[in-house]
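Here's the structure, in structure tokens; my notes come after.
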Amino acid sequence: TMAHSKSLVVLENFIGGTFVPCSSYIDSYNPSTGDVYCRVPDSGKEEVEAAVKAAKAAFPIWSSKSPLERSQILNKLADLIEHDLEAFAQAESKDQGKTITFARTVDIPRAVYNFRFFASSILHHTTECTEMATMGCVHYTSRAPVGVAGLISPWNLPLYLLTWKVAPAIACGNTVVAKPSEMTSVTAWMMCKLLEKAGVPHGVVNVVFGTGAKAGEALVCHPDVPLISFTGSTLTAQRITEKSAPHCKRLSLELGGKNPAIIFDDADLTQCIPTTLRSSFANQGEICLCTSRIFVQRGVYSEFLSRFVAEAKKWRVGNPSDPTVDVGALISKEHLEKVRSYVKKAQGEGARVLCGEGVDSLTLPTGNQKGYFMLPTVIAEVKDESCCMQEEIFGPVTCVVAFDTEEEVIKRANSVKYGLAATVWSSNVGRVHRVAQRLQSGLVWTNCWLVRDLNLPFGGMKASGIGREGAKDSYEFFTEVKTITIKH
């Protein structure tokens, strides 16, 4: 009915500095109620074409600005988002299902910091110079922005991961066409409303909403988009690699993980247990860095397990807008069913589900009965070759298994196709270094989790991706380097 559609938030593409309506739309659901609450443009070739055209037109002026001018604009944008932090947090929580607390303390502050960080780092890069006195030559390098960057971001940390791409891309002088996930597009659309006020010239940031199959594909296949930065699934990345190969595009791919936590019997469990609960269940387990395989040395295995399960049962699941809730809703009905199916498979293989799905009952507030909720779930006695130990589940599910020796656990931890993040818990400093060196993982945290210095490289090995992002790494990805030789 018309009355019904009036109450829905209707998003529009942002192209060349203006909001443009689309000819067709997709429904977006509120995961905590199961209701449609938003209409997202179902963009395709035409819309992407218009956005790339606008980005190309804006490139000469934007790329010729000094790093300082771009830096000031990025800082202004950060101030504007921070000023609206509460509105952004509310929107992110409603759209994604994450708790309001997580959106307020993690997602939106980090989005603000992404702009501030690259606004600062862009001022501090230097280029290289070498001399060949015998030849009478000096060589130096110069870096220039590449052109139009295609940025495709996922649904788990919507504004956080979109800005992690937009900020370095425009800081380096590129212009962008971004495609957020069609399931979580609201905060990207809200950010677009602030661009002009921040002083971002028209066409520098364009946002096209829609599905990967239509809008994403058009962006990846566009001959005038030389770089693609993508965060998402390994399967989609394979398609992006194939589609972009004929154009020799530069790719940065941040993909899935099957991240191990290795807990030695000299670990400080008072630190280890609360942190490992967070690393397993934060943001409903929907973070590529979440722990989903917990290897515990036999000496502390039973103590760890009983304490871990007891604490997991205390995590409150419910309405994401309630600030006392720890776990919100999963992104979609399909995703919830997929995550549940892994728990069923584990049970079918003879593993023990110690708490959560199918074991404890979940009571939800009246308005949330149709939402996509799931209790934090702990599974023990899972075989290493089980799909629950090999495939990324991306939900509030973690598997706990025992190990005996350091040598054995390194081999087992490395026995998956992924290599994004790992955590090691031990009070033996030598062991911590030894194990960290041997894990096939782009990031290793020891006696902590998710402590990030944005200066340092972020990214994965093996099927977890290609390339790294960080101050220096993002600068290298978003610029083209030239070596110049002068004979004097």
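The values are calculated or read from the model by the stated rules, or taken from the named source; none is laboratory data. All figures in this text were calculated on a predicted structure; none of them were measured in a lab. Cβ coordinates were reconstructed from backbone atoms using ideal geometry, including for glycine residues, and neighbour counts include every protein chain displayed. Quick note on the areas: whole protein, heavy atoms, side chains included, nothing else; ligands and nucleic acids left out. Shrake-Rupley method; radii C 1.70, N 1.55, O 1.52, S 1.80 Å.
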Query raised in the report: Just a yes or no: is a residue in the range 356-364 under 24 Å from the mean Cα position of the chain (by Cα) and open to solvent by less than 20 Å² (accessible area, probe 1.4 Å)?
Result: no
Requested in this report: May I ask you to say which residue of A89, A54, A78 is in contact with a His (Cβ under 9 Å, 6 or more places away or on another chain) and hydrophobic (A, V, I, L, M, F, W, C)?
Outcome: A54
Query raised in the report: F19 fails exactly one of the following numbered conditions: (1) surrounded by 15 or more Cβ atoms within 10 Å (Cβ to Cβ); (2) touching a residue at least 24 places away in the same chain (Cβ under 8 Å); (3) among the aromatic types (F, W, Y). What is the number of that condition?
Result: (1)
Query raised in the report: If a residue has to be of a type in the set (S, T, Y) and either free of Cβ contacts under 8 Å to residues at least 60 places away in the same chain or farther than 25 Å from A103 by Cα (or both) to count, how many in the range 180-222 make the cut?
Result: 1
Report summary line: For L375, the lone unmet condition from (1) touching a residue at least 40 places away in the same chain (Cβ under 8 Å); (2) over 21 Å from E311 (Cβ atoms) is (2)
**Report entry** Test: residue in the range 78-94 that is among the β-branched types (V, I, T) and either within 29 Å of T187 (Cβ to Cβ) or touching a helix residue (DSSP H, G or I) at 6+ places or on another chain (Cβ under 7 Å) (or both)
**Finding:** yes
Report summary line: Within the range 23-42, residues buried (at least 20 other Cβ atoms within 10 Å of the Cβ) and out of contact with any strand residue (DSSP E or B) (no Cβ under 9 Å at 6 or more places or on another chain) come out as P31, S32
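Yes/no per residue for (1) farther than 30 Å from T33 by Cα; (2) within 20 Å of the chain's Cα centre (by Cα):
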site: M374; (1), (2): no, no
site: A380; (1), (2): yes, no
site: Q390; (1), (2): yes, no
site: I393; (1), (2): no, yes
site: T398; (1), (2): no, yes
site: A402; (1), (2): yes, no
site: K417; (1), (2): yes, yes
site: N428; (1), (2): yes, no
